[in-house]
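What follows is a set of notes on a single structure, which appears directly below.
The values are calculated or read from the model by the stated rules, or taken from the named source; none is laboratory data. Treat the numbers as computed from the prediction; the structure is a model and nothing was measured. Positions of Cβ are backbone-derived with ideal geometry, glycine not excepted, and every protein chain shown enters the neighbour counts. Side chains included, ligands, DNA and RNA excluded: accessible areas come from the protein's heavy atoms. Shrake-Rupley method; radii C 1.70, N 1.55, O 1.52, S 1.80 Å.
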Amino acid sequence: MKKFYTLLLYLYAVVLSAQVDQSYYLSETHDYNPDIPTPQSILGYEVGAWHVSHDRLVQYMTALAAASDRISIENRGYTFERRPLLLLTITSPKNHQRLDEIKTQHRRLTEPGSETLDLSKMPAVLYQGFSIHGNEPSGSNAGLLAAYHLAASNDPETLALLDEVVVLFDPSFNPDGLQRFSYWANTNRSMNLNPDNNDREYSEVWPGGRTNHYWFDLNRDWLPTQLPESQARIKTYIDWMPNVLTDHHEMGTNSSFFFQPGIPDRVNPLTPDMNQKLTQEIGKYHAAAFDKLGSLYYSEEDYDDFFYGKGSTYPDINGSIGILFEQASSRGHLQNSDNGVLTFPFTIRNQLTAAFSTLKAVKSLRVSLLEYMKSFYQIAASEAAKSKQKTLVFGNPKDPGSAYEMARVMKRHGIELHQINKAANINGVFYPETSSYVVPLNQKKNKLIEAMFAIQTRFKDSLFYDISAWSFPHAFNQNYSYLNDSKSMGAAIAQLEKPKGSVSAKASYAYLFEGHSYYTPKALHALLDKGIRVKVSMLPFVREGIRYDYGTYMVPIQNQALDVDALHKLMQTVAEENALSVLGVDGGATEGIDLGSRNFRPVNLPKIALLVGDGVRSYDAGEIWHLMDTRYEIPITKIDVRDLGQTDLSDYTHFILPATYGRGLNAYADKLKNFAQNGGTIIGYRSALSWLNQNKLIELKFKTTERIATNIRFDQRSLYRGAEEIGGAIFNTKIDRSHPINFGIHGANLPVFKNTDLFLEPQPNSYDNPILYTNNPLINGYISKENLEVLKNTSFFQSNRLGRGKVIVFTDNTNFRAFWYGTNRLLANAIFHANLF
Ligand SMILES: [Zn+2]
């Protein structure tokens, strides 16, 4: 009985501790303006009692901004699910009146002439952002209280702060993910909160709320900027150039609270030491606040500042300080942990504490932060002026599309770009006018340019929190050259224009176009979808003096669903939209294969299924969905593992298996085998290869590395194992351009991204190995010596016949994070040309 009462008391205490009022977060005696609405007055519950949905968050922020003359609110765009990307600018009413002036003056820190600025009179700029991972919600929930405090506090310290700091307040970095997660946590919440870790509340269904609509990790997109959320915030970023940017996350439930600096050895070498010193200085304010609160915390043992695609690292190459916070997650409302019962309000209060200690630090260190930004750009400018290298040219000799897409990324970051003044041969590489760009290196963003192009293959540390390489010319498959002069530099580009294609003439016989434009798969689908017959050449040929490559497309006039005029019109639209140079011809003879040759093979309209659901890596599946849906405009049917049993696959031509753990898939091995035997094409990626191999859908031989640790102590074991991982690096392959998997790709080599330890043995016949790692494959990033040895001359791709169909595999991801434009075509070719393999 006594035991029972103890338990009851314990549970009572637990329930109580999760039900808090505002005094749990903010002092009751603090002077708050009663005219400013509290979160509770709008939401109908105290912060932490429920998970705020993005819709309700917008409701509160709108009400708050309407009531306060310290806040202006704007919508900077929309997520894929049409949720607004809000920004609150919070500062004193006096500063609001001259906000443009403050902004212009602040930006002068990054420009020549900054030595005349009087820093003592300039406000610092702080960007505070929350919950970029939607299922790490304590940040956004704390944001409600932080914004309230800044709007309502009449405390002299707050008033002084608002005079000296402009706060760019981004209450939800990932609206779609926050909404998805709040739905899960709230719909599974019991009225009597239950801390049992086994409760459904704490294990979200696939794909979870971490990611955005297409299941991307938004905290890897700050540099690639392929997603609308990142594009909106980078626009704010370059408009304001904040001194400090904070990024509030959550980590495992049994942890405590982390703030940067991260692991010192893993700082990107392009980041100045002073950045880390200031991060440490700011850290003292967090430590003091957490000491006062009595909350456990740590720094320097985890995470790093290496990849500039993360929110807490991107600022470090922009003269700012990026700061990562990680709070142990209660995931739902209340959960048992190694540190006792962890309540949602507790996690929110820690985030709020870090938000406040950041404000205090930025106010106190204001002049040092302004000084640091000023000197960062002064040093960068003097280095650029001294450098022998004056310009950088990049482009793709045959594809204006991918060159444009890369130029777009650079433009988004405020990098100055120029046209090439005339087509040129530079160091043996041809740069045509239509698809080349010139980057002057003596410009204020020269450090950021370096971060986009840098090659690093030697490292202080062999462990990485994320990828070790991301060089854009490789990801976009562009040629590039550094030049010691500015002779190639043409007019500055104010507004980038998407390249447009055209048709040379109305044809009476056929239309011809090469497959090099990045947008070719979209064009093919647009034609096939209208019932137009399209053929592809298996050999090169010459017509009207133009050398047509392997994989040239031909649209004959004869026997089409459209008449000559309608087809011409359609070809014009498709060419223009997809940057195709289409030749209209009035006869079939060529030097080489004539247009009626059997070496022109039919291209068929695909109907594609994509496996999703439990066990499938949602990032990889989302990248494919996004590619097909938003870039190629090719319909793709997402089939959940749990529905696979009832689905008639004979409706589909292709079935894509993204990386998968395969458990839920085991029951369907025969079904997939039948699908291929009846003529279907299965495309498998990464970990799906093992499953396909084990279930005998394809026969694969892997090379393995086996190492026995010698002289490695117990406390060194995870470092030892980590050093063997390929966290993400860039390697060179040599390609057989006559193989249809490579149609549309220029050059003899193709850089690929690799982050698996799958080393595929080549097939016996050389013509079956169209994509092989070279003998010296490392281009950029980290790989251990042992793994590099094994990787040499192995295969990236394999295709085997199975009955009347095909099984095609890639050891690595060709669609990585939406910015690997250079290898996207491989998947498109596996879709349109599998019948030719
Ligand atoms: Zn996170």
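Amide H contacts under 5 Å for H213: F80, restricted to partners 5 or more places along the chain or on a different chain, H placed in the peptide plane at 1.01 Å from N. When you filter the GluC sites (Glu not before Pro) in segment 694-767 for DSSP loop state and at most 10 other Cβ atoms inside 10 Å of their Cβ, you are left with E706.
Solvent-accessible surface (1.4 Å probe) assigned to F376 amounts to roughly 20 Å². Go ahead and collect, in residue order, the members of segment 113-133 whose backbone nitrogen is under 19 Å from a label point 7 Å along the Cα-Cβ direction of K277. Taking a point 7 Å out along Cα→Cβ of K277, no residue of segment 113-133 has its backbone N under 19 Å. You can think of it this way: the chain between S784 and D265 has 185.1 nm of extra reach, that is 0.36 nm per residue less the Cα-Cα gap.
The phi-based Karplus calculation (6.51 cos²θ - 1.76 cosθ + 1.60; θ = phi - 60°) puts the 3J(HN,Hα) values of segment 346-352 at 4, 5, 5, 5, 5, 5, 4 Hz, whole numbers, x for Gly and Pro. Under the simplified labelling scheme, the D768-Q456 pair shows an inter-label distance of 4.1 nm, with each label point 7 Å from Cα along Cα→Cβ.
Here's the picture: charge each Lys and Arg Cβ at +1 and each Asp and Glu Cβ at -1 in the chain, and of Q97, P123, Q179 the one pushed furthest to the positive end of that dipole is Q179. Packing, as the average of other Cβ atoms within 10 Å across residues, places the peptides 730-737, 682-689 in the order 682-689, 730-737, highest first.
Annotation note: trypsin sites (Lys or Arg not before Pro) in segment 489-584 located in DSSP loop regions with a Cβ neighbour count of at most 16 within 10 Å are K500, K506, K530, R533.
In sequence order, segment 809-825 has phi-based couplings of 10, 10, 5, 9, 7, 9, 10, 4, 6, 6, 10, 8, 4, x, 10, 4, 4 Hz under the Karplus curve 6.51 cos²θ - 1.76 cosθ + 1.60, θ = phi - 60°, and Gly or Pro positions carry x. As a ratio to 2.2 N^0.38 Å, the alpha-carbon radius of gyration for segment 375-509 is 1.19. Average 1/r across all pairs of distinct alpha carbons in the chain, invert it, and you get the Kirkwood radius: 29.0 Å. A straight chain from F702 to Y45 at 0.36 nm per residue would run longer than the Cα-Cα distance by 230.8 nm. Our summary gives segment 643-789 a relative contact order of 23 percent, counting only alpha carbon pairs under 8 angstrom and 6 or more residues apart. Across segment 486-513, the residues whose backbone nitrogen lies under 20 Å from the label position 7 Å along the beta-carbon direction of V564 are 503-513. Close amide H pairs (under 5 Å, H built 1.01 Å from N) link A510 with I557, V585, G587, residues at least 5 positions away or on another chain. Taking the average, over residues, of other Cβ atoms within 10 Å as the packing measure, peptides 647-659, 135-147 rank 135-147, 647-659 from highest down. Coupling constants for segment 657-666 follow from the phi torsions by the Karplus curve (6.51 cos²θ - 1.76 cosθ + 1.60, θ = phi - 60°), and in residue order they are 9, x, 3, 8, 7, x, 3, x, 8, 3 Hz; glycine and proline get x.
Ignoring ligands, DNA and RNA, what accessible area per residue does the chain give at 1.4 Å, in Å²? On a per-residue basis, 39 Å². Our summary gives the chain a relative contact order of 10 percent, counting only alpha carbon pairs under 8 angstrom and 6 or more residues apart. Divide the volume of the convex hull around the Cα atoms of segment 683-743 by the residue count and you get 160 Å³ per residue.
When R189, R76, R642, R108 are compared by accessible surface with a 1.4 Å probe, the order from highest to lowest is R642, R108, R76, R189.
With a Förster radius of 30 Å applied to the C-beta separation of N678 and N254, the computed FRET efficiency comes to 0.05. Modelled this way, with points 7 Å down the Cα-to-C-beta line, the labels at Y720 and N484 are 4.9 nm from one another. The alpha-carbon of K530 sits under 28 angstrom from the alpha-carbons of these lysines, leaving out residues fewer than 8 places away in its chain: K398, K498, K500, K506, K522, K569, K607, K638, K806.
Taking all protein chains together and rolling a 1.4 Å probe, D35 ends up with roughly 120 Å² accessible.
Using the Cβ-Cβ distance between R107 and Q59 with R0 = 41 Å, the FRET efficiency computed as 1/(1 + (r/R0)^6) comes to roughly 0.80. I want to make sure I understand the PRE zone here: with the label point 7 angstrom from the Cα of K530 toward its beta carbon, which residues in segment 582-609 have backbone N atoms less than 20 Å away? Flagged as within label range: 582-586, 602-607.
Against the criterion of solvent-accessible heavy-atom surface with a 1.4 angstrom probe, S387, S27, S114 sort, most first, into S27, S387, S114. Segment D338..S508, full-extension length gain: 53.5 nm, with 0.36 nm per residue of separation and the alpha-carbon distance subtracted. Convex hull volume per residue, computed on the Cα atoms of segment 580-723, equals 232 Å³. Calculate what fraction, in whole %, of the accessible area of the chain sits on carbon and sulfur atoms when a 1.4 Å probe is rolled over the protein chains. It is 48 percent, rounded to a whole number. Taking amide hydrogens as placed 1.01 Å from N in the peptide plane, the amide H of L802 sits under 5 Å from those of V807, each at least 5 positions away in sequence or on another chain. Loop-located trypsin sites (Lys or Arg not before Pro) in segment 362-397 (DSSP state other than H, G, I, E, B) with a sparse environment of at most 11 neighbouring Cβ atoms within 10 Å: K388. Where does the charge balance sit around A380 when Lys and Arg score +1, Asp and Glu -1, over other residues with C-beta under 12 Å from its C-beta? For residues surrounding A380, the net value is +2. Legend: translational diffusion of segment 212-288 by Stokes-Einstein, Rh = Kirkwood radius over C-alpha pairs, 20 °C, 1.002 mPa s; D = 142 µm²/s.
With kT/(6 pi eta Rh) evaluated at 37 °C and eta = 0.692 mPa s, and Rh the Kirkwood radius from Cα pairs, segment 295-404 diffuses with a coefficient of 179 µm²/s according to Stokes-Einstein. Here r is the Cβ-Cβ distance between T637 and I546 and R0 is 45 Å; the resulting FRET efficiency, rounded to 0.05, is 0.70.
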